[in-house]
Amino acid sequence: MMFFVGLLLVLPVNPVLSQTPTDKVVVDRVGDTAFVELRAPSFKDLTPRQQALAYWLTQAAIAIDPIIYDQFSAYGLRQKRLLEGILAHDKAIKPETREKIAAYAKLFWANRGNHNDITSQKFLPSFTFEELLLAASSAQQNGAFGNAYADLPPLKSEAEVKREVDALRAPFFDATFEPMEIAKSPAGGKDVIQASSNTFYPGLSLEDLKGFQDKYSLNSRVVRDSDGKLTELVYRAGTPDGKVPPGLYATFLKKADDYLEKAQALAEPQQGEAIGHLIRYYQTGEYAEWLAFGIAWVQNNATVDFDNGFIEVYRDARGAKGSSQSFVTITDRPVTAAITKLAENAAYFEQKAPWLDQYRRTSFKLPVVKAVETLVETGDFSVSTIGDNLPNEDEIHEKYGSKNFLFTGSSRALEAATGHETMAEFAPDQATIDRDRKYGGQARNMLVAMHEVIGHGSGKLSDRVGGSPQRFLKEYFSTLEEARADLMALWNIWDPKLAELGLVSDQGEVAKAMYYNAAAVALTQLARIPHGDTIEEDHERDRQLISRFIADQVPGSIEKFTRDGKTYIRVADYEKMRKGVGMLLAELMRIKAEGDYDAIKALVEKYGVHFDPALRDQVLTRYEKLGLATYSAGMNARLTASFDKEGDVEKVEISYPQDPVQQYLQYGAMYDPSLER
Ligand SMILES: [Zn+2]
């Protein structure tokens, strides 16, 4: 389960700040998207062996990066190949055209395709079809497309390039073609599956899938075979002995396995065991191997840690298929020590939770909690994820606990890139601004920590629901679970235990800063949804639900008011707001434990989905006046290895490329060497 930065009011990036030499965090900006640099200062403290391990794990992360483009759209990989070929062979392309294509490509990479990561809506290029065709032909004459790109065949002639660009005309230029990556509230008579561009169930409807039991729930595409029966195309590389044949994404998974084998040789034994299961899993696609990986992985707390797999199900309206993602991290030791205290007291906070005794968890396995700096993130994993609780499998949680990552490297980058402008614009009064300046950082850290450490892991389910509430709550499950974790943080932030443990200073002020952010995000997050009048993303739905439920159910808690034509949100009474937090938290726990689909549907549809587009337009205008970016994309560190005669890593160096084009062409070059520059 991921935790996004959205709640923290730190969406904005100040372009003026980013140009000063002291602040190089923002390395590039296209429209409302800023590219922020992820730094890993702890890399230099690693042993040479750990550095080599980190190198191979980042290579494995880069190896799976293309998969997500194909999961989001059937045309994603072909579009990516075309854009990258053009930009790597751009000598003879008109500078104006090149600039337009580069700007579009940066957004394409930042969003892993041409649907906005947050709104899921398609965005269009500023270049024309003719300009694209001309650029592609010119690139081809200068050496582009001569190689296969993974499984895509080379484009050897001008005619082949023209055919390819023609075939991609609608995917690039037609706003009505695949308008949404995931459409949870679809229009026009289509259901959630049909209206989504992602490739989990091509050509199928929800009706077709009724009663279908996935054998490879996380890692397959469901299609209708020639006999009209539903069948799964499993994501797998195949085994070396040929007993298990290759499946979908074999090229990428095989490459990842090659690098994972190198990593395995350098890892400590338990981590090596985990990597071994992951290699087998990528070969066979078998869930048993995925579980074995998760069990070994969750019990290991290596300094150089990673994840790599088909992990989160947010991108599937049916909540079953995992999107491909990876990250590699280094432990941030001082922050980790503080957070561990929270985990050691999980049983205390469970006792204090406002829900019925029958839903109280009684046995606890200490979760592994670690604050980390990010070395690389690829696939469906982005810098806006600042906390992550893994693995997602309840059968692993219950027996072996879970591992919680706090991406302090990401939070620092986002905070450094953030001016105080948004707070100044949207806060109802000076006191709120001052409080945030002083206590906002603590409030943000505590929210993420509690969300992950005592949020997701809490509560006990009824026997009826067992280990899989997703089965009952379906498309509303993720929203519920994210809200429940947020609410555990909001509920417990007032508890004196936190001060006793030395985790907060001026606790009341920290709590107030956290409450204001949780209330106001219902307004500010609308800036990220420029079109339409519904919210699709689960974390945004969760936050809308919390703020609006409390405002509606506890009069006098959260208030909306207008001054000089501008809308503001303020917390009128913190105690009343906390009462609302408790009410919603108790109800969400009951719904999860009992698998009450009707109840969660009613709640989310009433408070979490719809908003007033006029209010959104007002918020957007205010953002635009401030010149702030609304979305951040991460720029990874680059690890460069030198090798000895045996091919072993001799030395690894870390650098920070400032240019997104350079970074992504370098990633692309893993599958088409002609992209290397
Ligand atoms: Zn979460």
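The values are calculated or read from the model by the stated rules, or taken from the named source; none is laboratory data. Owing to the predicted nature of the structure, the values given are computational and were not obtained by experimental measurement. Backbone-built Cβ (ideal geometry, glycine too); neighbour counts: all protein chains shown. We work out accessible area using only protein heavy atoms, side chains counted, and drop any ligands, DNA or RNA first. Shrake-Rupley method; radii C 1.70, N 1.55, O 1.52, S 1.80 Å.
Every test in (1) free of Cβ contacts under 8 Å to residues at least 60 places away in the same chain; (2) open to solvent by 10 Å² or more (accessible area, probe 1.4 Å); (3) more than 21 Å from residue 427 (Cα to Cα); (4) touching a Ser or Thr at 6+ places or on another chain (Cβ under 9 Å) is passed by residue 580 save one, and that test is (2).
Exactly one residue among 247, 319, 242 is open to solvent by 20 Å² or more (accessible area, probe 1.4 Å) and either among the aromatic types (Phe, Trp, Tyr) or modelled with pLDDT under 95 (or both), and that residue is 319. Restricting attention to the stretch 628-647, which residues are touching a residue at least 60 places away in the same chain (Cβ under 8 Å) and farther than 30 Å from residue 528 by Cα? Scanning the stretch 628-647 gives 639, 641.
Taking the stretch 451-546 as the region of interest, the helices (runs of 4 or more DSSP H) fully inside it that hold 3 or more residues being open to solvent by less than 10 Å² (accessible area, probe 1.4 Å) are 477-492, 507-524. Inspect the stretch 430-443 for any residue being open to solvent by less than 10 Å² (accessible area, probe 1.4 Å) and within 29 Å of residue 558 (Cα to Cα) and give the result as yes or no. The answer is yes; a qualifying residue exists.
Looking at the stretch 483-524, which of the residues that are within 16 Å of the ligand (Cβ to nearest atom) and closer than 17 Å to residue 610 by Cα is modelled with the highest pLDDT? Of everything passing the filter in the stretch 483-524, 483 is modelled with the highest pLDDT.
For residue 131, the conditions (1) in contact with a Ser or Thr (Cβ under 6 Å, 6 or more places away or on another chain); (2) under 30 Å from residue 538 (Cα atoms); (3) charged (D, E, K, R) are fulfilled apart from (2).
Residues that are among the basic types (Lys, Arg) and under 24 Å from residue 421 (Cβ atoms) are absent from the stretch 595-602 altogether. The numbered conditions (1) open to solvent by less than 10 Å² (accessible area, probe 1.4 Å); (2) within 16 Å of the ligand (Cβ to nearest atom); (3) not basic (Lys, Arg) are all true for residue 411 except (1).
Among the residues of the stretch 588-630, count how many are under 15 Å from residue 426 (Cα atoms) and not aromatic (Phe, Trp, Tyr). Summing the residues that are under 15 Å from residue 426 (Cα atoms) and not aromatic (Phe, Trp, Tyr) in the stretch 588-630 gives 14.
Among (1) open to solvent by 10 Å² or more (accessible area, probe 1.4 Å); (2) under 21 Å from residue 445 (Cα atoms); (3) touching a strand residue (DSSP E or B) at 6+ places or on another chain (Cβ under 6 Å), which single condition is residue 341 missing? So the condition that residue 341 fails would be (3).
Conditions tested, residue by residue: (1) buried (at least 20 other Cβ atoms within 10 Å of the Cβ); (2) in contact (Cβ under 8 Å) with a residue 24 or more places away in the chain.
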{"site": "252", "(1), (2)": "yes, yes"}
{"site": "270", "(1), (2)": "no, yes"}
{"site": "274", "(1), (2)": "yes, yes"}
{"site": "278", "(1), (2)": "yes, yes"}
{"site": "288", "(1), (2)": "no, no"}
{"site": "303", "(1), (2)": "no, yes"}
{"site": "306", "(1), (2)": "yes, yes"}
{"site": "313", "(1), (2)": "yes, yes"}
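Among the residues of the stretch 442-460, is there at least one that is within 16 Å of the ligand (Cβ to nearest atom), hydroxyl-bearing (Ser, Thr, Tyr) and within 18 Å of the chain's Cα centre (by Cα)? There is no residue in the stretch 442-460 that is within 16 Å of the ligand (Cβ to nearest atom), hydroxyl-bearing (Ser, Thr, Tyr) and within 18 Å of the chain's Cα centre (by Cα). Restricting attention to the stretch 383-406, the residues that are farther than 21 Å from residue 335 by Cα and either more than 12 Å from the ligand (Cβ to nearest atom) or buried (at least 24 other Cβ atoms within 10 Å of the Cβ) (or both) add up to 9.
Each row is one residue, and each column tells you yes or no for (1) in contact with a Phe, Trp or Tyr (Cβ under 6 Å, 6 or more places away or on another chain); (2) under 21 Å from residue 387 (Cβ atoms).
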{"residue": "489", "(1), (2)": "no, yes"}
{"residue": "525", "(1), (2)": "no, yes"}
{"residue": "531", "(1), (2)": "no, no"}
{"residue": "539", "(1), (2)": "yes, yes"}
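Pairing each residue of the stretch 424-436 that is closer than 16 Å to residue 561 by Cα with any residue that is among the small types (Gly, Ala, Ser), provided the two are 6+ apart or on different chains, yields C-beta distances under 7 Å for 426/520.
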